[in-house]
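Asker: Sharing a structure, written as structure tokens. Questions coming.
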Amino acid sequence: MDISNSVWSSPRDYLKFHAPVNPVMFFSPSALHERALRFLNGFPGLVTYAVKSNPDMTVLQSLVSFGVNAFDVASPVEIQLLRDIAPDAALHYHNPVRARHEIEFARKMGVKSYSVDSVSEFAKLRDILDADGTEISVRFTLPVSGASYNFGAKFGATPEKAAELLRAVAEAGFIPSITFHPGTQCTDAEAWGTYIRAAAGIAGMAGVKIHRLNVGGGFPSRRLPGELDLEAIFGVIRNAAVQAFGDDQPVLVCEPGRAMVSDAFSLAVRVNAIRDGADLFMNDGIYGGLSEQHMIGLTRRMQAFRADGTPLGGPTVGRRLFGPTCDSTDMMPGLIEVPLALGEGDYLVFHSLGAYSTATATRFNGFGDIQLATVGTL
């Protein structure tokens, strides 16, 4: 993604003067700065940014300039990207399943922190890595609700298996740590408390004092009107760690992706048609910047504008929203309330779309040409 150097005051300002026919993703550096500082100043430990959520060069360079010096990487490509941008940054390779050549690449690039959730994958790490100074975090999962979807469906050992792995990690001479992920867009702060208490239990079962506890990502973005109380989650994490571990409290680590970058971006889509006064067709959908919305629900922080930039309000109506492709699955879930006055050629601006949007967008069916613009405020 190549973000323009020109800075517009707001999405409305840009739409008014450009009347774009393609979708536009707006980036606010000041919003990214605000969120980075909330994590750096509020989280009681090390903050690592999950690169997969938005690997744009401008985003990464901005985070480094804001003081973020640790990153969660999931592939050799992401490792190389960060070594080019921030050669001295700490890299945590916490994708729990890797090919041997990927582990070897990470070793050569100086990566010293890995995660694991199975005996077979630990065997790979043990065969390739030098145990001295290398951290291996055992990832576990629990049947905890409160997130938009369950990361434990793919990754994470049971607590019993995690205890066995943790003991094996320590016996092999690696630095033993624990990690978990409560699930994406987790709005229940107590989910972290439950996981932290379980992590203490796992360390106890294993008879191992852990070096660090990575409380994962999952921190929510602001997808609904109102304030986002990240500090409440930080408080639960801080208190739970003290209560669960006591004098053996490990160093805390988090790896926000969505919560770090999502609210710094907004997507403007143009109304291509309102079919027979009912269904609304947009110039972007699930194969573009809205790729994740059909899984977690469309963000409810929206604005509507006329083609000349005039804000649209007034009475609303529930419509089905479809993307531009010739694919029947290219639609948003449920009925979405939009202004009744919204018509062909007008715009909808969806906020909190900086994560898993441009990073996963395709050019399916010839669509997906997302323009990019920098704005002062969103």
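The values are calculated or read from the model by the stated rules, or taken from the named source; none is laboratory data. All of these numbers come straight from a predicted model, not from anything done at the bench. Note: ideal-geometry Cβ built from the backbone for every residue, glycine included; neighbour counts use all protein chains shown.
For (1) in contact with a Lys or Arg (Cβ under 9 Å, 6 or more places away or on another chain); (2) among the hydrophobic types (A, V, I, L, M, F, W, C); (3) surrounded by fewer than 16 Cβ atoms within 10 Å (Cβ to Cβ); (4) not assigned by TED's automatic domain parsing to the domain that holds Val271, each residue gets a yes or a no:
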residue: Pro324; (1), (2), (3), (4): no, no, no, no
residue: Glu337; (1), (2), (3), (4): yes, no, yes, no
residue: Leu342; (1), (2), (3), (4): yes, yes, no, no
residue: His351; (1), (2), (3), (4): yes, no, no, no
residue: Ala359; (1), (2), (3), (4): yes, yes, no, no
residue: Phe364; (1), (2), (3), (4): no, yes, no, no
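Asker: Being farther than 23 Å from Leu32 by Cα, in contact with a strand residue (DSSP E or B) (Cβ under 8 Å, 6 or more places away or on another chain) and hydroxyl-bearing (Ser, Thr, Tyr) narrows it down to one residue among Thr316, Thr310, Thr299; which is it? Steps first, answer last, please.
Answerer: On the way: Thr310 fails: in contact with a strand residue (DSSP E or B) (Cβ under 8 Å, 6 or more places away or on another chain); Thr299 fails: farther than 23 Å from Leu32 by Cα.
Criteria check complete, one pass: Thr316.
Asker: Determine if the range 144-160 includes at least one residue that is buried (at least 21 other Cβ atoms within 10 Å of the Cβ) and on the phi > 0 side of the Ramachandran plot.
Answerer: Within the range 144-160, one or more residues are buried (at least 21 other Cβ atoms within 10 Å of the Cβ) and on the phi > 0 side of the Ramachandran plot.
Asker: Return the residues of the range 277-304 that are farther than 12 Å from Phe350 by Cβ, in contact with a Leu (Cβ under 9 Å, 6 or more places away or on another chain) and crowded, with 18+ Cβ neighbours inside 10 Å; say none if nothing qualifies.
Answerer: Leu280, Phe281
Asker: Considering only the range 232-256, how many residues are touching a residue at least 24 places away in the same chain (Cβ under 8 Å), loosely packed, with under 13 Cβ neighbours inside 10 Å and farther than 14 Å from Arg197 by Cα?
Answerer: 1
Asker: Related question: Please find, among Val64, Val97, the residue that is under 24 Å from Glu135 (Cα atoms) and either in a helix (DSSP H, G or I) or in contact with a His (Cβ under 8 Å, 6 or more places away or on another chain) (or both).
Answerer: Values: Val97 fails: either in a helix (DSSP H, G or I) or in contact with a His (Cβ under 8 Å, 6 or more places away or on another chain) (or both).
Being under 24 Å from Glu135 (Cα atoms) and either in a helix (DSSP H, G or I) or in contact with a His (Cβ under 8 Å, 6 or more places away or on another chain) (or both) holds for just one of Val64, Val97, which is Val64.
Residue-wise test of (1) assigned to a strand (DSSP E or B); (2) not aromatic (Phe, Trp, Tyr).
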{"residue": "Asn239", "(1), (2)": "no, yes"}
{"residue": "Phe245", "(1), (2)": "no, no"}
{"residue": "Met260", "(1), (2)": "no, yes"}
{"residue": "Ser266", "(1), (2)": "yes, yes"}
{"residue": "Val271", "(1), (2)": "yes, yes"}
{"residue": "Ile274", "(1), (2)": "yes, yes"}
{"residue": "Gly277", "(1), (2)": "no, yes"}
